[in-house]
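One structure is given below, encoded as structure tokens.
The values are calculated or read from the model by the stated rules, or taken from the named source; none is laboratory data. No experiment lies behind these values; they were computed from the predicted model shown. Here Cβ is always computed from backbone atoms with ideal geometry, including for glycine, and neighbour counts include all displayed protein chains. What goes into the accessible areas is simple: the full protein's heavy atoms, side chains included, and nothing from ligands, DNA or RNA. Shrake-Rupley method; radii C 1.70, N 1.55, O 1.52, S 1.80 Å.
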Amino acid sequence: MKLSLREIYVTLFIIGIFFFPFNSFMGIKGLGEYKREAGSYFLLLGFLVLLVESYFSKRIQVPYRSYLFHLLLVFFFLSILSIIVNLPTVLENYWKKTTGINRFVRQIFVLFLSGFAFFLLYWNVIVKMTAHEILCKIRKAFLYSFIFVTIYGLLEILFHVFGFYPAYSILRMFDYFPFVEYDSDSRNRISSVCFEPPALATFLITVSGWMFSYIITNKGLLKYVPTIIIIVLTYFSGSRTALVVVFVQLFVFLSILLSRKQKLMLLLYTAFGVLFFSGFVIFSKGDKIIRDVEKKIESLDLIGNLKKDISNQSRLGIQYANLVVFTENPIFGVGYGQQAYHAIFHYPIWAKKNNWEFRERYLNKNDPMFPPGYNLYVRLLAEMGIVGLSFFLYFLYAILKQTNRIIKRQLATEEKALSIILLVTFVGFIFNWLQLDTFRMYGFWIGLAILIKLSTEINTQLNEK
């Protein structure tokens with residue numbers, strides 16, 4: 001049976017979702033930030049097939065009537081405007097054998113691919129789907145990917161945490177699976193099929209809403225399993241940010257789902273669970289577990305760990321430098337993608353002192369890696385000024401407002417579940433951008449496409465009444 005072009009790009013989209021966490025291989029250098037992202041390869045192929053279909057059909061679906069899509073286009077325009085306004089200095093920028101224009105092209109490519117090309121693929125896939133189909137197909141793809149991540153992650157926990165060596169032998173067998181290369185973490189954190197623990201944390205934040213939603217749509221005790229596994233993997237990933245963000249997402253999910261009485265019962269069950277776990281640890285003489293929990297709590301003290309944590313030094317130092325760049329260029333910033341050229345003159349001494357990341361990477365002219373901004377909002381302040389950041393924050397506000405408006409409506413179970421998933425997802429990414437500065441967040445853009453789809457259908461239903 002021959003597949004239509006639509007069936008091909010829909011299939012590539014689903015496969016792409018499955019491979020979102022697979023980024024532990026080297027990839028194709030020319031794709032820049034996407035070179036290690038296995039999922040992006042399938043999404044790119046899907047987008048190309050979509051273009052071929054649009055060529056023959058002479059049409060492509062675009063949500064041109066959506067207010068949120070209009071805001072997205074304006075943000076694209078502002079990112080380009082920031083370069084035009086700062087063109088004299090952009091033309092002079094040169095560092096790490098990279099010109100300012102070249103850097104802008106690379107960074108706008110990241111935004112274009114995620115926020116436009118892939119977004120159009122997402123839109124053309126879901127535009128002809130019902131809410132039931134969107135929930136079932138996309139969630140199932142995330143679930144299968146999550147199962148693979150879980151199996152790999154649990155094997156890492158057995159080996160790294162409990163010293164069960166046979167688990168290591170099984171892990172090495174996964175090297176034969178596409179896009180997977182085993183690499184242990186020096187601090188015994190797990191990363192599953194991702195290339196580092198923070199990448200696993202991003203995946204968990206991406207799928208958390210989808211996994212929580214089984215509590216809404218399914219029955220029996222098994223519906224709680226995905227949520228429990230999310231918490232377990234988040235804990236053993238060692239990511240401070242993920243530990244906070246996932247619990248914020250869970251709080252948002254439960255605050256919508258539960259009544260006041262149910263919230264009180266949950267609080268009592270949680271207290272009982274903590275006491276039971278504490279008693280188990282004490283009576284089983286689980287000193288290792290106690291020490292591990294203490295380390296997790298201590299690691300949340302970002303300021304207190306500044307002097308002994310290189311990662312914290314780098315993050316806070318770079319964010320501080322970008323804030324200084326903003327104060328010098330407050331209106332339109334220094335131009336999209338240009339912050340590193342200016343921030344290098346403002347890195348504080350306390351951040352660079354005894355810090356190998358600055359010495360060997362960020363300030364090393366022979367290392368092609370540009371210093372990340374580590375915070376999207378601070379990065380936008382530096383690169384697009386108060387104009388760019390204010391508009392982006394309004395864009396996020398409009399998304400949350402529209403999502404909350406849908407949640408408050410009387411909807412079918414699938415639509416209700418989708419709207420709650422979207423809110424949990426958007427909240428997760430809004431918090432996660434406090435420690436990441438990239439727009440390469442597949443779950444956010446898929447959520448945006450679904451939100452526009454739900455909004456369009458609801459508006460259509462209201463107009464028909």
TODO: Using the Cα centre as the reference, give the magnitude of the dipole from point charges on the C-beta atoms of the chain (Lys, Arg: +1; Asp, Glu: -1; all else neutral), rounded to the nearest 20 debye.
DONE: 680 debye
Task: Within region 1-85, trypsin sites (Lys or Arg not before Pro) in DSSP loop having at most 12 other beta-carbon neighbours inside 10 Å - done: Lys2, Lys58, Arg59, Arg65
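For region 344-405, which chymotrypsin sites (Phe, Trp or Tyr not before Pro) pass both filters: DSSP loop (anything but H, G, I, E, B) and at most 11 other C-beta atoms within 10 Å?
In loop regions of region 344-405 (DSSP not H, G, I, E or B), the sparsely surrounded chymotrypsin sites (Phe, Trp or Tyr not before Pro) are Phe345.
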Task: Whole-Hz ³J(HN,Hα) from phi, Karplus 6.51 cos²θ - 1.76 cosθ + 1.60, for region 146-157, glycine and proline x - done: 5, 4, 4, 4, 5, 4, 5, x, 5, 5, 5, 4
TODO: Determine the alpha carbon to alpha carbon distance for each of Lys29/Lys96; Lys140/Lys219; Lys29/Lys58; Lys137/Lys219 and list only those over 24 Å.
DONE: Lys29/Lys58
Task: Per residue accessible area in Å² of the chain, where ligands, DNA and RNA are left out and the probe is 1.4 Å - done: 49 Å²
TODO: Can you tell me the relative contact order of the chain? Whole percent, Cα pairs under 8 Å, sequence separation 6 or more.
DONE: 21 percent
Task: Portion, in percent, of the accessible area of region 1-63 that falls on carbon or sulfur, probe 1.4 Å - done: 70 percent
Open item on the list: Accessible area of region 326-377 with a 1.4 Å probe: how many percent of it is carbon plus sulfur?
Closed with: 57 percent
TODO: First compute the accessible area of region 192-232 with a 1.4 Å probe, then give the percent of it belonging to carbon and sulfur atoms.
DONE: 70 percent
Task: Ellipticity estimate at 222 nm from DSSP helix runs (n ≥ 4, -39,500 (n - 2.57)) divided over the chain, nearest 500 - done: -21500 deg cm²/dmol
- [ ] Grab the beta carbon distance between Glu181 and Glu33, set R0 = 22 Å, and tell me the FRET efficiency rounded to 0.05.
- [x] 0.75
TODO: DSSP loop (so not H, G, I, E, B), at most 12 other Cβ within 10 Å: list which chymotrypsin sites (Phe, Trp or Tyr not before Pro) in region 31-88 pass both filters.
DONE: Tyr64
Task: FRET efficiency estimate (nearest 0.05) - Cβ-Cβ, Lys352 to Lys97, R0 25 angstrom - done: 0.70
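Treating only the Cβ of Lys, Arg, Asp and Glu as charged (+1, +1, -1, -1), what charge dipole size does region 32-103 show about its Cα centre? Round to the nearest 20 debye.
Magnitude of the dipole: close to 80 debye.
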Task: Dipole of region 26-160, positive direction: furthest Cα of Thr99, Val74, Asn124, with charges on the beta-carbon - done: Asn124
